[in-house]
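Asker: There's a structure below that I have some questions on.
Any read-out appearing in this document is the output of simple, stated calculations on the displayed coordinates, not a laboratory observation. In this text the structure is predicted, and so the values were computed from the model without any measurement. Cβ sites come from the backbone with ideal geometry, for glycine too, and all protein chains shown count toward neighbours.
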Amino acid sequence: MVMSMTGFGKAETEWLDKRINVEVRSLNSKNADINLRTPSYLRELDSEIRKYLAQQLHRGKIDLNIFIEFNGQSAPSKINTTIVKAYMEQLKNIGGTESERLVLAMRLPDILSSDKESLQENEKVFIFELLEKVVGDLNKYRSDEGNELEKEFLLRISLIEKLLIEIVKVDPERGQKIEAKLRSSLDNLKIEIDANRFEQELIFYIEKFDITEEKTRLKNHLDYFKQVMENDFPNGKKLAFIAQEIGREVNTIGSKANHSDLQKIVVQMKDELEKIKEQLLNVL
């Protein structure tokens, strides 16, 4: 199966007196590049979250955001009303209206008192349940996009296979033209030659342009590409390696072509292969 590296997942819910929002998104990357943005009291979970994301998402540029809003009296920071009243009393000597003194008092030190929030075990379990949900949504997104990529790859591979059939048809004619060209050039020299030696040299020369092995290897690489795409996961890196091997055989055929029609077919093959390579950058 083929999966994309691009995806997005989001979940928002309430837990006791908190509203929890979890978002995860991923883009293509050579390795697992994980970035976390979490509240300070959840930082102790960072290593576990990173390990979980790496196991489930394998690779990609992965951004996880966990936002928590506290409701009412549960907020970790509270206004110290005793200190505010004391400031207000002192500010009476300065003058001004009560609202003006209140604004000034709220800017003075120690107005807010903070109670350190501690992570409870049941909240940790709830966070990971949400994380599992958003990762599942992201993988569903990846799978849907991967199905479209798979259709694209099958189309391009099919076109290359059809072009390979055209090469097989053109190849015998190409050999005949190379031989005819050599004999014509030699005839124009109007010199006597050793016929046996000429036939030996001709065979050697034509063998240099033989592409039988390249055609066979190219067919094998195309079949292997489809096999890996169907059976292996994750397979993005392996498919990229196979695409390189396909390109190597196509380039070799082009360098040995010595035939205009064959060169045109090679150019078409390279065009289709380039489209495959572009899309492979986003395969998991």
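Asker: Of the trypsin sites (Lys or Arg not before Pro) in region 1-102, which ones lie in a loop per DSSP and count no more than 13 other C-beta atoms within 10 Å?
Answerer: Numbers: sites: Lys10, Lys18, Arg19, Arg25, Lys30, Arg37, Arg43, Arg50, Lys51, Arg59, Lys61, Lys78, Lys85, Lys92, Arg101; in loops: Lys30, Arg59, Lys92.
Within region 1-102, the qualifying trypsin sites (Lys or Arg not before Pro) (loop, at most 13 other Cβ atoms within 10 Å) are Lys30, Lys92.
Asker: Taking the Cβ of each residue in Ile62, Ile167, Ile20 as the centre, tally the other Cβ atoms inside 10 Å and list the residues starting with the fewest. Write down the numbers at each step before the final one.
Answerer: Details: Ile62 25, Ile167 22, Ile20 19.
Ascending Cβ contact count within 10 Å gives the list Ile20, Ile167, Ile62.
Asker: Still on this structure, please answer the following. Lysines within cross-link reach of Lys181: Cα-Cα under 29 Å, excluding same-chain residues under 8 positions apart?
Answerer: Lys162, Lys169, Lys190, Lys208, Lys215, Lys256, Lys264, Lys270
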